[in-house]
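Heads up: the structure comes next, in structure tokens.
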Amino acid sequence: MQITLAERLESLKAGILGAAGFTSVYLFFVALHYFLAQESYPFISILVKVFVSALSGFLFAVTYRYVIRDDDNPHLKDGAVAAFSLVRGLVPLQWGDGSTMEALLLCLFLGESFICFLLTRWLIDRGFESGFVKPLMPNHL
């Protein structure tokens, strides 16, 4: 089973689209948090957040392309979003003490992750529809 250069380029296009989409939505939440909580971040912290969000979007998009292939199953698409959202959103639970405030913040982070991945999925699906990104075709492997 050999993956062609054309398929790799399509995955790269999907990944770049996913990185841009996820980062855009995530930066909206960072700005919202800044204005609502009046909490500023050091420049290096913003750079790390942008890098991690871009990497998350890139990996999601490439994986999403391989998971759904040419299938139009909405449960499969929703499952990919839910899986990535839960993995990203539940990480803070490992370091917490289980307080009520922490549980509220965890719910907000889970919701933020879900919205970011859902909107990234929407963007990738629009890329498929427009032909900018081609879904993985099983016979091309």
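The values are calculated or read from the model by the stated rules, or taken from the named source; none is laboratory data. Everything numeric here is computed off the predicted structure, so don't read it as measured data. FYI the Cβ positions are ideal-geometry reconstructions off the backbone, even for glycines, and counts take in every protein chain you see.
Could you check how many residues of the range 12-56 are over 21 Å from residue 91 (Cα atoms), more than 12 Å from the chain's Cα centre (by Cα) and at pLDDT 95 or above?
Summing the residues that are over 21 Å from residue 91 (Cα atoms), more than 12 Å from the chain's Cα centre (by Cα) and at pLDDT 95 or above in the range 12-56 gives 2.
If we keep just the residues of the range 87-101 that are surrounded by fewer than 14 Cβ atoms within 10 Å (Cβ to Cβ) and touching a Leu at 6+ places or on another chain (Cβ under 9 Å), which is modelled with the highest pLDDT? Break it down stepwise before answering.
If we filter the range 87-101 for residues that are surrounded by fewer than 14 Cβ atoms within 10 Å (Cβ to Cβ), which is where we start, we get 87, 90-101.
Imposing the further condition that a residue be touching a Leu at 6+ places or on another chain (Cβ under 9 Å) reduces the set to 90, 92-93, 96.
On the way: 90: 81, 92: 73, 93: 72, 96: 66.
Among those residues, the one meeting the criterion is 90.
From the list 119, 110, 76, which one is under 28 Å from residue 7 (Cα atoms), surrounded by 11 or more Cβ atoms within 10 Å (Cβ to Cβ) and in contact (Cβ under 8 Å) with a residue 24 or more places away in the chain? Working first, answer last.
Working: 110 fails: under 28 Å from residue 7 (Cα atoms); 76 fails: in contact (Cβ under 8 Å) with a residue 24 or more places away in the chain.
Criteria check complete, one pass: 119.
Test residue 82 against the criterion of being surrounded by 13 or more Cβ atoms within 10 Å (Cβ to Cβ), under 15 Å from the mean Cα position of the chain (by Cα) and farther than 14 Å from residue 15 by Cβ, and give yes or no.
Numbers: surrounded by 13 or more Cβ atoms within 10 Å (Cβ to Cβ): yes; under 15 Å from the mean Cα position of the chain (by Cα): yes; farther than 14 Å from residue 15 by Cβ: yes.
Yes, satisfied.
Can you give me the number of residues within the range 6-40 that are exposed (fewer than 14 other Cβ atoms within 10 Å of the Cβ), closer than 18 Å to residue 131 by Cα and of a type outside the set (D, E, K, R)? Show your work before the answer.
Within the range 6-40, the first condition is being exposed (fewer than 14 other Cβ atoms within 10 Å of the Cβ), and the residues that meet it are 6, 8-9, 31-32, 34-40.
Filter again for closer than 18 Å to residue 131 by Cα, leaving 6, 8-9.
Next, from what is left, pick out any that are of a type outside the set (D, E, K, R): 6, 9.
Result for the range 6-40: 2.
Could you count how many residues in the range 21-39 are touching a residue at least 40 places away in the same chain (Cβ under 8 Å) and of a type in the set (Gly, Ala, Ser)? Explain how you work it out, then say what you get.
If we filter the range 21-39 for residues that are touching a residue at least 40 places away in the same chain (Cβ under 8 Å), which is where we start, we get 21-22, 25-26, 29.
From what is left, the residues that are of a type in the set (Gly, Ala, Ser) are 21.
The qualifying residues number 1.
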